[in-house]
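Peer 1: Okay, here's the structure, questions in a sec.
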Amino acid sequence: MELQDSIIKLKGIGEKTAVPFAKVGIHTIGELLAYYPRTYETYEEPVELSRIENGKKYAVQGVILSVSAVKRYARYQVFTAQIRAEGGEFQGTWFNMPFLRNYFQRGAQYIFRGIVNIRGAQYRMEQPEFYTSGDYERLLHVMHPKYPLTSGLTGKMVAKAVRQVLENNAVKVEEYLPAEILEQYALKTKREALSQIHFPASEKEMQAARDRLVFDEFLLFILGIRRLKESREMLLNEARMMEVAETKRLIEALPYRLTNAQQKVWREIAADMTGDHVMSRLIQGDVGAGKTILAVLALIMTGCNGYQGALMVPTEVLAKQHFQSVQELLTRHQISLKPVLLTGSMSAKEKRAAREEIAGGAAQIIIGTHALIREQVTYCRLGLVVTDEQHRFGVRQRETLANKGLHPHVLVMSATPIPRTLAIIVYGDLDISVVNEMPADRLPIKNCVVDESYRPSAYRFMEKETSLGHQVYIICPMVEESDEMELENVMDYTQKLRKLLPNCQIACLHGRMKAKEKNEIMERFSEGSIQILVSTTVIEVGINVPNATVMMVENAERFGLAQLHQLRGRVGRGREQSYCIFMSSGGGKETRKRLEVLNKSNDGFYIASEDLRLRGPGDLFGLRQSGILEFRLGDIFQDAKVLQQASETANRILEEDPNLELPKHQMLKNMSENERIDSVL
């Protein structure tokens, strides 16, 4: 079997069984092996009741004392058993498992495992797993993989299929890294890493396997962008511009003065666009630092030189907001350029009219989403491509838009603060400009880090802010309830909040919604008809609501500091004082110390550096820590050391063999050329 073969070639997987695998993107053997566990479960020795802490998962050995009759309710049936354990008694409760009434016999002994809730002297375990002593002994001290699942797909199905491939040597996993690299960084072979990421014997073995796979992700990504940079580094400027009076007039007429940092970056952009070679520049700056006006100035300069400029953003709501603000700016300052909007949800007639204006050159500034890179869109004289929030667009997507012009200038904006040492690696194909100064009229966000006892006060504060006409974000780490993770989820939280705050208009938003539904919710929030938006991190980019003055992040300890800072950037965009409440539901002194960094500072670059310094091993397969580049496993903060190693390796390989022509680099060349770079962004 080959990596590209269908999983149907595996024993036990047919056309019908393959359907749930396809739902999570597994069609081939290679995709199956790359479907890594998101966490692991380790079964511990049973404990006495006296050692149990409320709300945590334990294994307890007990004897059945009595069983209840099955109670029937509208949608479920409940069965309970009273169990004697060492140190006292507890109650086991099972939902919709009435057959257990006849299965459990008085005097029978089992090991029960589940989350224990303590109320006074009462111990309860809901929906616990149960095992005989012999069965449980076989599970002890082994790391069991837990995979992301969907309807019809179980963890056992995934693990069985992966084990079949790995244990029987059913497929050849070729090593493409030269032996000296494996030796230098003490990396596992590709086959060892794949085997041990799925079925590790210990946490140390799992970490070593993960390091190898993260190294691969980073190395292939870095090789890809380095070769992209080399391919266009000496491109002559075919859209050579001249400085124009319109940009100077606009800068002077703005109701605020550009900061020194903005002025410096604008000079760098103008020098690039009027210079000998094509611009490839990143503007990196905190939320609210004023990157957008620099992009608008570049678009105006492009249009006034007889070229077209395109601005591509991640969401339709943001595209519309940018279009409206650019249109108002041009009208107010009497700049005779025509902007046009192009998004996926526009009617066929509207799209056709927009495409005709673009192709004919009537529109000089084009603003939109991914619709801008569709095949049907033809540009007249595309001279500048601006992409907002670089990490939401793959390198390939950016290239696709750039390739619609001769060799247009490329300007990328990112509000994600990354320490310069890492930014040079991650954005290796771009020159970097930093806007590290905030406008004087921006009010700093007031922050607080609190525990769950503060929740009633937080709700009262939100109610007060909404009564003043302001709006609120609440961020939850999960979409819906999970048996494995005791974290706040969007679905239940929304229902709970509607009961607590009946006078507020509350809606929810998450990544599983269809694009149309997400856009509708974001537009309603943007317009003010929704007062409180309960959301996952899907709102991290793509919406600008100056009227939102409060954000509360639930389970804040589960996020990296850089991502929390990104989320916080959704408030503080208007003239009113804004607030951010970080609700921590767990963790000790170290967690508190980490979150206090956000309490003390609104400086994204300082926070990113502290995140890097304070980061421990972390929740390796839990929630995404940085939220920046969406690699399958890698996280540029958590894995900064591996990123540096991959960068050093890429430098050494390309110095020795710039075109990867040596025999020892042939497989690496094939991998880097075939790797879909945009799939890891």
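Peer 1: Nearest 0.05, what FRET efficiency do E41 and S345 give at R0 = 45 Å with Cβ-Cβ as r?
Peer 2: Result of the calculation: an efficiency of 0.60.
Peer 1: Related question: Please list, ordered by chain and number, the residues whose modelled amide H lies under 5 Å from the amide H of I432; skip anything fewer than 5 residues away on the same chain.
Peer 2: L282
Peer 1: Considering only DSSP beta bridges with both partners in region 463-585, what is the antiparallel share in %, to the nearest 5?
Peer 2: 0 percent
Peer 1: Any idea what angle helix 316-332 forms with the longest principal axis of the chain, computed on alpha-carbon atoms, 0 to 90 degrees, nearest 10?
Peer 2: 20 degrees
Peer 1: Run the numbers for R374 and K16: contour at 0.36 nm per residue of separation, minus the present Cα-Cα distance, in nm. Walk me through the numbers on the way to the answer.
Peer 2: Working: separation 358, 0.36 × 358 = 128.88 nm, distance 3.41 nm.
Answer, rounded to one decimal: 125.5 nm.
Peer 1: Helix 348-360 versus the longest principal axis of the chain: what angle, 0 to 90°, nearest 10, using Cα atoms?
Peer 2: That helix lies at roughly 40 degrees to the long axis.
Peer 1: With unit charges on the beta carbon (Lys/Arg positive, Asp/Glu negative), name the residue among G285, I251, L299 whose Cα is farthest towards the positive pole of the charge dipole of region 200-322.
Peer 2: I251
Peer 1: Enumerate by residue number the GluC sites (Glu not before Pro) in region 216-306 meeting two conditions: DSSP loop (anything except H, G, I, E, B), and at most 16 other Cβ atoms within 10 Å of the site's Cβ.
Peer 2: E233, E238, E243
Peer 1: OK, next. Applying the Karplus parametrisation 6.51 cos²θ - 1.76 cosθ + 1.60 with θ = phi - 60° to the phi angles of region 207-214, what ³J(HN,Hα) value in whole Hz is obtained for each residue in order, glycine and proline being reported as x?
Peer 2: 5, 5, 5, 5, 4, 5, 5, 5
Peer 1: So, in Å, what gap is there between the alpha-carbon centers of region 423-464 and region 535-600?
Peer 2: Between the Cα centre of region 423-464 and that of region 535-600, the gap is 6 Å.
Peer 1: A further question follows. T39's amide H: which non-local residues (gap 5+, or another chain) put their own amide H closer than 5 Å, with H modeled 1.01 Å from N in plane and none for Pro or chain starts?
Peer 2: K146
Peer 1: Roughly how many nanometres apart are two label points built 7 Å out from the Cα toward the Cβ at Q577 and S457?
Peer 2: Here the modelled spin labels are 1.5 nm apart.
Peer 1: Could you work out how much longer the chain between D492 and N102 gets when fully extended? Use 0.36 nm per residue separation minus the Cα distance between them, nm to one decimal. It would help to have the intermediate numbers written out before the result.
Peer 2: Working: separation 390, 0.36 × 390 = 140.40 nm, distance 3.36 nm.
Extending this stretch completely gives an extra 137.0 nm.
Peer 1: Run the accessible area of the chain with a 1.4 Å probe and give the carbon-and-sulfur part as a rounded percent.
Peer 2: 48 percent
Peer 1: Contour minus end-to-end for V142 and E661, with contour as 0.36 nm per residue of separation and end-to-end as the Cα-Cα distance?
Peer 2: The V142-E661 span can extend by a further 182.5 nm.
Peer 1: Just the accessible area for Y307, please: 1.4 Å probe, Å², rounded to the nearest 10?
Peer 2: 30 Å²
Peer 1: Which one of T132, V214, H198 has its Cα pushed farthest toward the positive end of the charge dipole of region 103-258, where Lys and Arg give +1 and Asp and Glu give -1 at the Cβ?
Peer 2: Going by the Cα projections, it comes out as T132.
Peer 1: Can you compute the equivalent ellipsoid semi-axes for region 7-113, i.e. the square root of 5 times each eigenvalue of the Cα gyration tensor, sorted largest first and rounded to whole Å? Please report the intermediate quantities before stating the final value.
Peer 2: Numbers: eigenvalues 287, 86, 33 Å².
Values for region 7-113, descending: 38, 21, 13 Å.
Peer 1: In debye to the nearest 20, how big a dipole does region 460-616 give about its Cα centre with +1 on each Lys and Arg Cβ and -1 on each Asp and Glu Cβ?
Peer 2: The calculation lands at about 380 debye.
Peer 1: How big is the dipole moment of region 88-247 about its Cα centre under a simple scheme where the beta carbon of each Lys and Arg is +1, that of each Asp and Glu is -1, and everything else is neutral? Debye, nearest 20, please.
Peer 2: So the magnitude is around 800 debye.
Peer 1: How much accessible area per residue does region 124-263 have, counting only protein heavy atoms and a probe of 1.4 Å, in square angstrom?
Peer 2: Accessible area per residue: 52 Å².
Peer 1: From the phi angles alone, apply the Karplus equation (6.51, -1.76, 1.60; θ = phi - 60°) to region 591-601 and give each ³J(HN,Hα) in whole Hz, x where the residue is Gly or Pro.
Peer 2: 5, 4, 4, 5, 5, 5, 4, 5, 5, 8, 9
Peer 1: Quick one: accessible area per residue over region 1-93, 1.4 Å probe, rounded to a whole number of Å²?
Peer 2: 55 Å²
Peer 1: Let me ask another. Student exercise: in region 1-128, how many lysine pairs 8 or more apart or on different chains have Cα atoms under 30 Å apart?
Peer 2: 4
Peer 1: Among the aspartates and glutamates, select those whose C-alpha is under 17 Å from the C-alpha of K188, and discard any that sit fewer than 8 residues away in the same chain.
Peer 2: Those aspartates and glutamates meeting the cut-off are E174, E175, E180, E203, E205, D211, D216, E217, D639.
Peer 1: Sticking with this structure for a sec: Just to make sure I understand: if all protein chains stay in place, what is the order of K188, K464, K589, K349 by accessible area at 1.4 Å, largest first?
Peer 2: Solvent-accessible surface, decreasing: K589, K349, K464, K188.
Peer 1: Search the structure for amide H atoms under 5 Å from the amide H of L509, placed 1.01 Å from N in the peptide plane, and list their residues when 5 or more places away or on another chain.
Peer 2: Close amide H contacts, sequence-distant or interchain: V534, S535, T536.
Peer 1: Taking the 0 to 90 degree range and rounding to the nearest ten, how far is the long axis of helix 515-527 tilted relative to the main principal axis of the chain, both from C-alpha atoms?
Peer 2: 70 degrees
Peer 1: Oh, and also: Counting Lys and Arg as +1 and Asp and Glu as -1, what is the net charge of the other residues whose Cβ lies under 11 Å from the Cβ of A363?
Peer 2: 0
Peer 1: Setting aside same-chain residues fewer than 8 positions from K264, which lysines have a Cα under 18 Å from its Cα?
Peer 2: K248, K291
Peer 1: Quick one: of the DSSP bridges fully inside the chain, what percent are antiparallel, nearest 5?
Peer 2: Around 40 percent antiparallel, to the nearest 5.
Peer 1: Would you calculate, for the chain, the mean residue ellipticity at 222 nm contributed by helices, counting each DSSP H stretch of 4 or more residues as -39,500 (n - 2.57) and dividing by all residues, to the nearest 500?
Peer 2: About -11500 deg cm²/dmol.
Peer 1: Rounded to the nearest 20 Debye, what is the dipole magnitude of the chain about its Cα centre when Lys and Arg each give +1 and Asp and Glu each give -1 at the C-beta?
Peer 2: So the dipole magnitude of the chain works out to roughly 1780 debye.
Peer 1: For region 184-195, in order, what is each residue's ³J(HN,Hα) by Karplus, 6.51 cos²θ - 1.76 cosθ + 1.60 with θ = phi - 60°, in whole Hz (x at glycine and Pro)?
Peer 2: Karplus values, whole Hz, x for Gly and Pro: 4, 9, 6, 8, 6, 5, 4, 5, 4, 4, 5, 5.
Peer 1: Determine the distance separating the Cα centre of region 52-98 from the Cα centre of region 19-37; give it in Å without decimals.
Peer 2: One Cα centre to the other: 37 Å.
The values are calculated or read from the model by the stated rules, or taken from the named source; none is laboratory data. Being a predicted model, the structure only gives us computed values, none of them experimental. Cβ coordinates were reconstructed from backbone atoms using ideal geometry, including for glycine residues, and neighbour counts include every protein chain displayed. With ligands, DNA and RNA removed, areas are computed over all heavy atoms of the protein, side chains included. Shrake-Rupley method; radii C 1.70, N 1.55, O 1.52, S 1.80 Å.
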